[in-house]
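Taking it in order: structure first as structure tokens, then the write-up.
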Amino acid sequence: MGPRLVELARSPVGLENLEGSTHEASGENPVCGDRLRFAAHVDEGVLDRLRFRATACPACVAVASCASLVFDGAAWPLTGIEAALQRAVDERGGLTRFEQHALRLVVDVLQRLAAV
């Protein structure tokens, strides 16, 4: 994991409950046990706030933090989730091949969130 992702794992952005959420979605990686839940507040076609809760590895927490940074204030419904998140992760130093599961889980849960 790149150094800027390590920093996000140590000091996550968006790791909190969201009162008054309008959309929620969760997912789990059955192999490693990572669990992730996103909550969003959407108002007038804008994702005001994206927050998450996780019982997960540091890579998953870091990627979920990237999602909060990237998608807070984004147009709703979200589009281009995977490409935008991959770009944000790469800009912060990227993931090793052993950490790619974190990106897949976060993208999966965000796509579920956007479909709600």
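Checking the conditions here, which among Ser26, Ser11 is touching a Phe, Trp or Tyr at 6+ places or on another chain (Cβ under 9 Å) and either modelled with pLDDT under 95 or not aliphatic (A, V, I, L, M) (or both)? Spell out the reasoning first.
Details: Ser11 fails: touching a Phe, Trp or Tyr at 6+ places or on another chain (Cβ under 9 Å).
Answer to the check: Ser26.
Among the residues of the range 27-57, how many are within 16 Å of Leu113 (Cβ to Cβ), surrounded by fewer than 16 Cβ atoms within 10 Å (Cβ to Cβ) and not charged (D, E, K, R)?
The number of residues fulfilling the criteria is 2.
Restricting the search to the range 89-116, which residues are exposed (fewer than 14 other Cβ atoms within 10 Å of the Cβ) and in contact with an Asp or Glu (Cβ under 8 Å, 6 or more places away or on another chain)?
Val116
Working only within the range 42-56, note down all residues that are in contact with a Gly (Cβ under 9 Å, 6 or more places away or on another chain), of a type in the set (A, V, I, L, M) and in a strand (DSSP E or B).
The initial filter retains those residues of the range 42-56 that are in contact with a Gly (Cβ under 9 Å, 6 or more places away or on another chain), namely 46-52, 55-56.
Among the residues that remain, those that are also of a type in the set (A, V, I, L, M) are: 46-47, 50, 56.
If the condition is that a residue be in contact with a Gly (Cβ under 9 Å, 6 or more places away or on another chain), of a type in the set (A, V, I, L, M) and in a strand (DSSP E or B), then Val46, Leu47, Leu50 are the ones that fit.
Taking into account only those residues within the range 1-24 that are part of a loop (DSSP other than H, G, I, E, B) and under 15 Å from the mean Cα position of the chain (by Cα), which is nearest to Ala56 (Cα to Cα)? First the steps, then the outcome.
Restricting attention to the range 1-24, the residues satisfying the condition of being part of a loop (DSSP other than H, G, I, E, B) are 1-2, 11-14, 16-22.
Now drop any that are not under 15 Å from the mean Cα position of the chain (by Cα), which leaves 11-14, 16-18.
Numbers: Ser11: 14, Pro12: 12, Val13: 15, Gly14: 15, Glu16: 14, Asn17: 16, Leu18: 19 Å.
By that ranking, first place goes to Pro12.
Can you name the number of the only condition in (1) buried (at least 21 other Cβ atoms within 10 Å of the Cβ); (2) polar (S, T, N, Q); (3) modelled with pLDDT under 95 that Ser65 fails?
(3)
Which residues, counting only those in the range 29-41, are without any contact (Cβ under 8 Å) to a residue 40 or more places away in the chain, farther than 16 Å from Ala62 by Cα and assigned to a strand (DSSP E or B)?
Ala39, His41
Being in contact with a strand residue (DSSP E or B) (Cβ under 9 Å, 6 or more places away or on another chain) and closer than 17 Å to Leu5 by Cα is true for just one of Ala74, Ala67, Ala59. Which residue is that?
Numbers: Ala74 fails: closer than 17 Å to Leu5 by Cα; Ala59 fails: in contact with a strand residue (DSSP E or B) (Cβ under 9 Å, 6 or more places away or on another chain).
Every option except Ala67 fails the conditions.
How many residues does the range 64-113 contain that are over 18 Å from Val42 (Cα atoms), in contact (Cβ under 8 Å) with a residue 40 or more places away in the chain and in a loop (DSSP other than H, G, I, E, B)?
Qualifying residue count for the region: 6.
Quick one: Leu18 ticks every box in (1) exposed (fewer than 15 other Cβ atoms within 10 Å of the Cβ); (2) without any contact (Cβ under 8 Å) to a residue 40 or more places away in the chain except a single one, so which number is it?
(1)
The values are calculated or read from the model by the stated rules, or taken from the named source; none is laboratory data. Since this is a predicted model, take the numbers as computed values, not measurements. Positions of Cβ are generated from backbone atoms using ideal geometry, with glycine treated the same way; all protein chains shown enter the neighbour counts.
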